[in-house]
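Below is one structure; the comments refer to it alone.
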Amino acid sequence: MNSVLEKVVECIEQISQLASLNEDGKEILSGFRSRAESMPSIFFIHGFAYTMVLLAARSSRELMELGFKNSCKEIVDEIKKIREKYRKDELSYGLYGATILLLLHEAGNIKTKEFSSVLKEAIKDPTIDLKAMQIFEWIKRLAEAYIAK
């Protein structure tokens, strides 16, 4: 539990660095906070696999697969590089989904590093929903604490 919280804090601090990108970064951050506030209820109703597919549909598989990087810093650095290629709302959905995937992978809750395989793994292993629940909640609370509306 403590290691999960440490990783979530680390990620939120890295994501907060997007504010340095002027209005672009602030818009992405605002969208990330909105995702962090709204997605847990979708997750609780529909489950992990559905929520990941929804996030991918509103962003892209490519953005979601940033979650297979080695750290939140790498995800944020990549978002900075490719931000002109996507709309700000797509970036916020993708950043949120990628963060969830990274944290679950780092915690050892998902084994694969391919989006479709994660979905298959989640469908076969319903305990992933239980493990993801903590991460969704911690991201929500820390995003509210770190990212201004």
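Values quoted throughout were computed directly from the atomic coordinates according to the rules given, and no laboratory measurement underlies them. Quick caveat: nothing in here was measured; it's all calculated off a predicted structure. Because the Cβ atoms are built from the backbone with ideal geometry, glycine has one as well, and the counts that use them run over all protein chains shown.
So the values come out like this:
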quantity	calculated
Over the stretch 17-137, relative contact order from alpha-carbon pairs under 8 Å, at least 6 apart, %	31
Set LYS26/LYS69; LYS7/LYS149; LYS113/LYS140; LYS26/LYS124; LYS85/LYS124; LYS81/LYS124 screened for pairs whose C-alpha atoms are more than 31 Å apart	LYS26/LYS124; LYS85/LYS124; LYS81/LYS124
Cα-centred dipole magnitude for the stretch 60-99, charges only on beta-carbon of K, R (+1) and D, E (-1), debye, nearest 20	100
Mean-position separation - Cα centroids, the stretch 83-149 and the stretch 32-49, in angstrom	10
0 to 90° range, to nearest 10: angle between helix 48-58 axis and the chain longest Cα axis	30
Cut-off 11 Å between beta-carbons: net charge of the residues surrounding LEU66, Lys and Arg +1, Asp and Glu -1	-2
Calculated [θ] (222 nm, deg cm²/dmol) that DSSP helices of n ≥ 4 give over the chain, each run adding -39,500 (n - 2.57)	-25000 deg cm²/dmol
Packing rank of 41-52, 60-71, 123-134, where each peptide gets the mean count of other beta carbons within 10 Å, highest leading	60-71, 41-52, 123-134
0 to 90° range, to nearest 10: angle between helix 2-16 axis and the chain longest Cα axis	30
Sequence ranges 7-17, 111-121, 89-99, ranked by mean other-Cβ count within 10 angstrom, highest first	89-99, 7-17, 111-121
Angle in degrees between helix 88-106 and the longest Cα principal axis of the chain, rounded to the nearest 10	40
Dipole magnitude of the stretch 2-146 about its Cα centre (Cβ charges: Lys, Arg +1; Asp, Glu -1), debye to nearest 20	200
